[in-house]
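The structure appears below as structure tokens.
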Amino acid sequence: MSRIPRFSGQVAVPLQQGEPVFQAPWEARAFAMTLALFEQGQYSWKEFQEILIDEIESAAVPGAAGLDSSPAHYEHWLRAFEQLLSKKGVIIEEQLEARASELSAAPSRYDDHEDEHDDHEE
Amino acid sequence: MSAERHTASETGPAVRVKALESLLAEKGLIDQKALDLLVETYEQRIGPRNGAKVVARAWTDPVYKARLLRDASAAIAELGFSGVQGEDMMVLENTATVHNVVVCTLCSCYPWPILGLPPVWYKSAPYRSRAVIDPRGVLREFGLELPPEVEIRVWDTSAEVRYLVLPERPAGTDSMTEVQLEALVTRDSMIGVAKVSAPATRR
């Protein structure tokens, strides 16, 4: 019980009704991948949950008034999933970072390719 | 290392998810169609209507209700609802003197097969924290003012057990059928932050 986040003030519960299950497509994909690999037996749900709890706990700022962790929940989830994959040796962090920077660099590289062929590789 | 982590966190979640998806697909660990089906299932097929069926059955069939309170997972599975996050269920009956509220203080545990995925507020830090510390105040924010003599019991969803609140059947619904009753049951009433109301009388 000591791990329950404490708030110094009265922080209102962010009430919303009839919201969509996922706030963005990436949340749905992150959720589905986590479930799919669990169903394959890559890890137990408890293993995922323990990392998720640590992730949420380490991100909590005690007494942060107005903190609404709701948009961040699937970000915690995603970080936990990444850590679990790394721990299990399925995808190590370096691989993920390399692929992510490739993907985020891709659009601008296409733009640059229009009229020049300089090699920008480092 | 810390600089690299910094870079990673600067990469938006949408890009990181795409990166994971492409890496896992290359390893043959995920299949796009299977993922689409999972998302569709949790967005459209699994939701609080399932829980409402359980509640309406319990209200209209005392024998079922007894089974539900004794072995919730088995009684819920009788209606065809089972799966991840619903393996070890427990049903908490609300009465005139006891009101049950469910929270997951550490993360977002929730009985998926019967309620679907949790709403935003359920996962929020204020709810997770305050539901335990000041349940009466939290219920008031949901518009539920309970008389002081009603005992509020807060259940922290642990790693193993998932809870479903069996709300009180509202007065004046004696003539309603199970299907009609089912339509009255709300998600919030099965988490314990609301009561079920009888339908407004029409003139």
Mind giving me the nanometre distance, one decimal, between the label points for B:LYS27 and A:LYS87, set 7 Å out from Cα along Cα→Cβ?
1.5
Of all GluC sites (Glu not before Pro) in the range B:129-203, the ones in DSSP coil with at most 11 other Cβ atoms within 10 Å are B:GLU145, B:GLU149, B:GLU160
Classify the range B:1-142 from the C-alpha gyration tensor, please: rounded if a/c falls under 1.5, else prolate or oblate depending on whether a/b exceeds b/c.
oblate
Show the residues, 5+ positions off or on another chain, whose built amide H is closer than 5 Å to the amide H of B:ARG153.
B:HIS99, B:ASN100, B:VAL101
For the pair B:GLU168 and B:THR41, how long in nm is the line joining their label points, each one 7 Å along Cα→Cβ?
3.8
Among the listed pairs B:LYS65/B:LYS123; A:LYS88/B:LYS18; A:LYS46/A:LYS88; B:LYS33/B:LYS123; B:LYS65/B:LYS195, those beyond 25 Å (Cα-Cα):
B:LYS65/B:LYS123; B:LYS33/B:LYS123
If r is the Cβ-Cβ distance from B:GLU151 to B:ALA200 and R0 is 35 Å, what FRET efficiency results, to the nearest 0.05?
0.75
Of the residues B:ALA183, B:ILE46, B:PRO62, the Cα lying farthest along the dipole of the range B:46-191 towards its positive end, which is defined by charges on the beta carbon of Lys, Arg, Asp and Glu, belongs to B:ILE46
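Quick note: the coordinates plus some simple rules give every number you see, no bench work behind them. Note that the structure is a prediction, hence the values are computed from the model and not measured. Cβ: placed from backbone, ideal geometry, glycine included. Neighbour counts: every protein chain shown.
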